[in-house]
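The values are calculated or read from the model by the stated rules, or taken from the named source; none is laboratory data. Worth saying up front: this structure is predicted, and the values here are computed from it rather than measured. Cβ placement follows ideal geometry from the backbone for every residue including glycine, while neighbour counts extend to all protein chains displayed.
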Amino acid sequence: MKFLLDVNTLIALGFREHVFHERVAHWFSNEGEQCLTCSITELGFVRVLAQAPQYALNVSDARTLLYKLKVASGGRIGFISDGNDIQHLPAWIRFPLQLTDGHLSRLAASNSAVLATLDAKIPDAFLIPD
């Protein structure tokens, strides 16, 4: 099975200081057969890590960290291009905070994957187990 990692899951996998790093790293090492990123998740990774003062990273550091994660995965983390426009949003979206989740969910499905997340509220997504 292929999994598109959402932003928080990608950060938890790549940043050891993240509160859910052990949870995601354990899942990835045992179950994450083929994981994917996209422009949204990669940009989100860099933005969050570079904006959060407690992480003390700049944009360059965050980019390097993501690059090293992808290389260290031995090809288990791939990249998918995003060709989905606004018409691909799922019907369950009702609020602005759901837009990215809905977009990523449909992007995953259109690439024969499932969105992997730490958020139990996303319909049809795979919840990374505790």
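Here are a few things to note about the model shown:
- Among the residues of segment 72-107, the one identified as under 20 Å from Leu118 (Cα atoms) and of a type in the set (Asp, Glu) is Asp101.
- Yes/no for Asp119 being surrounded by fewer than 14 Cβ atoms within 10 Å (Cβ to Cβ), under 24 Å from Met1 (Cα atoms) and touching an Asp or Glu at 6+ places or on another chain (Cβ under 9 Å): yes
- Look at (1) among the hydroxyl-bearing types (Ser, Thr, Tyr); (2) modelled with pLDDT of 95 or more; (3) more than 18 Å from Ser81 (Cα to Cα) and you find that Ser29 fails only one, number (2).
- Restricting Arg76, Arg106, Arg63 to those that are more than 11 Å from Leu4 (Cβ to Cβ), without any contact (Cβ under 8 Å) to a residue 40 or more places away in the chain and of a type in the set (Lys, Arg) reduces the list to Arg63.
- Taking segment 90-122 as the range and being touching a Pro at 6+ places or on another chain (Cβ under 8 Å) and either over 17 Å from Asn8 (Cα atoms) or assigned to a loop (DSSP other than H, G, I, E, B) (or both) as the test, the residues that pass are Pro90, Trp92, Arg106.
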